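Here the structure comes first, spelled out in C-alpha coordinates, and everything after it is commentary.
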Amino acid sequence: MAEEVRVTGEQAEEAGEAIHLPGPSYQPVVLAVALMLAITGVVLFPPVAVIGLVIVLITLFLWIRDTRREISELPLEH
(Lines give C-alpha, C1' and ligand atoms only; values in the text may rest on other atoms or scores of the structure.)
Protein backbone atom coordinates (compact mmCIF):
# COMPACT_ATOMS: atom_id res chain seq x y z
CA MET A 1 0.00 0.00 0.00
CA ALA A 2 1.06 3.55 -0.57
CA GLU A 3 2.57 5.37 2.34
CA GLU A 4 1.23 8.74 3.39
CA VAL A 5 3.61 11.57 4.03
CA ARG A 6 2.46 14.04 6.64
CA VAL A 7 4.22 17.31 7.15
CA THR A 8 3.71 19.16 10.37
CA GLY A 9 5.01 22.50 11.38
CA GLU A 10 5.52 25.63 9.31
CA GLN A 11 3.93 26.28 5.98
CA ALA A 12 6.20 26.65 2.98
CA GLU A 13 7.03 30.19 1.92
CA GLU A 14 5.38 31.61 -1.16
CA ALA A 15 7.42 32.24 -4.29
CA GLY A 16 9.27 35.53 -4.03
CA GLU A 17 8.95 36.55 -7.67
CA ALA A 18 5.88 37.05 -9.80
CA ILE A 19 5.76 35.20 -13.09
CA HIS A 20 5.62 37.45 -16.14
CA LEU A 21 3.58 36.29 -19.10
CA PRO A 22 3.19 38.43 -22.22
CA GLY A 23 -0.29 39.57 -23.16
CA PRO A 24 -2.22 38.16 -26.09
CA SER A 25 -1.06 39.33 -29.50
CA TYR A 26 -2.24 39.11 -33.08
CA GLN A 27 1.29 39.52 -34.45
CA PRO A 28 2.31 35.83 -34.65
CA VAL A 29 -0.76 35.06 -36.75
CA VAL A 30 -0.19 38.05 -39.05
CA LEU A 31 3.46 37.08 -39.45
CA ALA A 32 2.54 33.50 -40.36
CA VAL A 33 0.00 34.64 -42.96
CA ALA A 34 2.46 37.16 -44.41
CA LEU A 35 5.18 34.51 -44.68
CA MET A 36 2.70 32.22 -46.40
CA LEU A 37 1.88 35.01 -48.87
CA ALA A 38 5.55 35.72 -49.51
CA ILE A 39 6.44 32.08 -50.13
CA THR A 40 3.36 31.42 -52.25
CA GLY A 41 3.98 34.63 -54.19
CA VAL A 42 7.48 33.52 -55.13
CA VAL A 43 5.99 30.47 -56.82
CA LEU A 44 2.77 31.87 -58.27
CA PHE A 45 2.82 35.66 -58.65
CA PRO A 46 5.84 37.79 -57.63
CA PRO A 47 3.87 40.95 -56.68
CA VAL A 48 2.14 38.89 -53.97
CA ALA A 49 5.59 37.96 -52.65
CA VAL A 50 6.49 41.65 -52.40
CA ILE A 51 3.25 42.41 -50.52
CA GLY A 52 3.91 39.48 -48.18
CA LEU A 53 7.47 40.64 -47.49
CA VAL A 54 6.31 44.17 -46.74
CA ILE A 55 3.76 42.82 -44.27
CA VAL A 56 6.44 40.58 -42.72
CA LEU A 57 8.79 43.53 -42.19
CA ILE A 58 6.08 45.76 -40.71
CA THR A 59 4.82 43.00 -38.41
CA LEU A 60 8.33 42.15 -37.22
CA PHE A 61 9.04 45.82 -36.50
CA LEU A 62 5.81 46.19 -34.50
CA TRP A 63 6.32 42.92 -32.62
CA ILE A 64 9.88 43.79 -31.64
CA ARG A 65 8.83 47.31 -30.63
CA ASP A 66 6.01 45.98 -28.42
CA THR A 67 8.29 43.38 -26.84
CA ARG A 68 11.00 45.94 -26.08
CA ARG A 69 8.41 48.25 -24.51
CA GLU A 70 7.01 45.41 -22.42
CA ILE A 71 10.46 44.31 -21.25
CA SER A 72 11.42 47.88 -20.32
CA GLU A 73 8.41 48.04 -17.99
CA LEU A 74 9.56 45.02 -15.99
CA PRO A 75 11.35 45.58 -12.70
CA LEU A 76 15.16 45.48 -12.91
CA GLU A 77 15.38 42.39 -10.68
CA HIS A 78 13.25 40.41 -13.10
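The values are calculated or read from the model by the stated rules, or taken from the named source; none is laboratory data. Note that the structure is a prediction, hence the values are computed from the model and not measured. Quick note on the areas: whole protein, heavy atoms, side chains included, nothing else; ligands and nucleic acids left out. Shrake-Rupley method; radii C 1.70, N 1.55, O 1.52, S 1.80 Å.
From the protein chains alone at 1.4 Å, what is the descending order of accessible area for L74, L53, L21, largest first?
L21, L53, L74
At a probe size of 1.4 Å, how large is the accessible area of I71, to the nearest 10 Å²?
I71 has an accessible surface of roughly 110 Å² with all protein chains in place.
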